[in-house]
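A.B. asks: Just passing along the structure, written as structure tokens.
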């Protein structure tokens, strides 16, 4: 029997009418999210590491860590700012899709500029724009879910939307793994706006502000506007900490995957190996996340799924650490996919029920997304030191520990069962 979801500040103004599946808005949301992740993840997994390696092969590890870390730091800033801007946007085209369209074009421009860069500085500047743009798109798309979807359907919707990330990784890596770097950047740059068009044209937003306010027309944003006080909203703070740990674990596991396969596992074609592991990762994710999302909605529980999924991810990471051979890597990729898919699908649904105010959904989700972007920013530096001190095994053991912590940090959350 279904257990009712708790009602609180974050759900008081949630939509109450269920949506039907398949649903054109959900499809448009999925496609826009897919294009965004193809642009970021295919470039991050294959194109950017290859470009950095061609510029300075001797220092590729540290330089890749520096570039991706600084870009992720820019994404930390852009996420809550973009969310707050979308909250305050009132023009007719739509407060969410206006920013989705704008950031997709900015991301495309930066991707098109990347092949022309022959220095680490030039590539780094372009990558900062790519990552910050994707962060802006992401928060606007995330905010559209609590705007339109009732609480008891968010697990399934989050799972479906969440499939775009691994599918984007697989499709993108398969697309670029057999072409040169310049052609790869061109292909993903064209897909970002192409897949965003349905959302920009068809996915109408809900009406402006849910709560009248004198400052809704103002785009001036201060640090105080972006801050969510942990003492006033402890559940939000616990969820933020859990997401940070979980994303840090995932980022540590993937940032040097190309180098791990090439240098430790000794795969002949490391780029193709990344594509194969991505496919296995996605297979595990699709099955696990859709089942868990549906089941979570039916029984009205979120936390138990998050905790179990974190343990599954940790198992996969320990396998990679202790058995660095190709068959074990393939099995670990499937486990990681299942754990990752369940965690981030259900965690996203959980977070939408903890947002402090309906009128600030975009900003608050942007603050929540800072946990992920901050983890991505720190991961390359932490990973580089872990590899230098203890090799790739130490890196994966550290990632497994953080994955467990990410699951346990949601246990103190009281507003969601």
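The values are calculated or read from the model by the stated rules, or taken from the named source; none is laboratory data. Quick caveat: nothing in here was measured; it's all calculated off a predicted structure. Glycine also receives a Cβ, built like all others from the backbone with ideal geometry; neighbour counts cover every protein chain displayed.
A.B. asks: Select from segment 307-349 the residues that are farther than 28 Å from residue 264 by Cβ and either without any contact (Cβ under 8 Å) to a residue 12 or more places away in the chain or in contact with a helix residue (DSSP H, G or I) (Cβ under 7 Å, 6 or more places away or on another chain) (or both) and list them in ascending order.
C.D. replies: 307, 345, 346, 347, 348, 349
A.B. asks: Is one or more of the residues making up segment 11-25 surrounded by fewer than 22 Cβ atoms within 10 Å (Cβ to Cβ), in a helix (DSSP H, G or I) and either under 19 Å from the mean Cα position of the chain (by Cα) or at pLDDT 85 or above (or both)?
C.D. replies: Checked segment 11-25: no residue is surrounded by fewer than 22 Cβ atoms within 10 Å (Cβ to Cβ), in a helix (DSSP H, G or I) and either under 19 Å from the mean Cα position of the chain (by Cα) or at pLDDT 85 or above (or both).
A.B. asks: Follow-up. With over 15 Å from the mean Cα position of the chain (by Cα), surrounded by 24 or more Cβ atoms within 10 Å (Cβ to Cβ), at pLDDT 90 or above and farther than 26 Å from residue 297 by Cβ as the only criterion, which of 403, 386, 394, 399 stands out?
C.D. replies: Just a single option satisfies the conditions, and that option is 399.
A.B. asks: Let me ask something else. In this structure, does residue 235 turn out to be surrounded by fewer than 22 Cβ atoms within 10 Å (Cβ to Cβ), over 20 Å from residue 369 (Cα atoms) and modelled with pLDDT of 85 or more?
C.D. replies: Spelling it out, it is not the case that residue 235 is surrounded by fewer than 22 Cβ atoms within 10 Å (Cβ to Cβ), over 20 Å from residue 369 (Cα atoms) and modelled with pLDDT of 85 or more.
A.B. asks: I need the full set of residues from segment 55-110 which are part of a loop (DSSP other than H, G, I, E, B) and over 18 Å from residue 360 (Cα atoms), in order please.
C.D. replies: Those that are part of a loop (DSSP other than H, G, I, E, B) and over 18 Å from residue 360 (Cα atoms): 56, 92, 93.
A.B. asks: Confirm whether residue 304 is out of contact with any helix residue (DSSP H, G or I) (no Cβ under 8 Å at 6 or more places or on another chain) and assigned to a helix (DSSP H, G or I).
C.D. replies: Yes.
A.B. asks: Report whether or not residue 98 is under 17 Å from the mean Cα position of the chain (by Cα) and at pLDDT below 90.
C.D. replies: no
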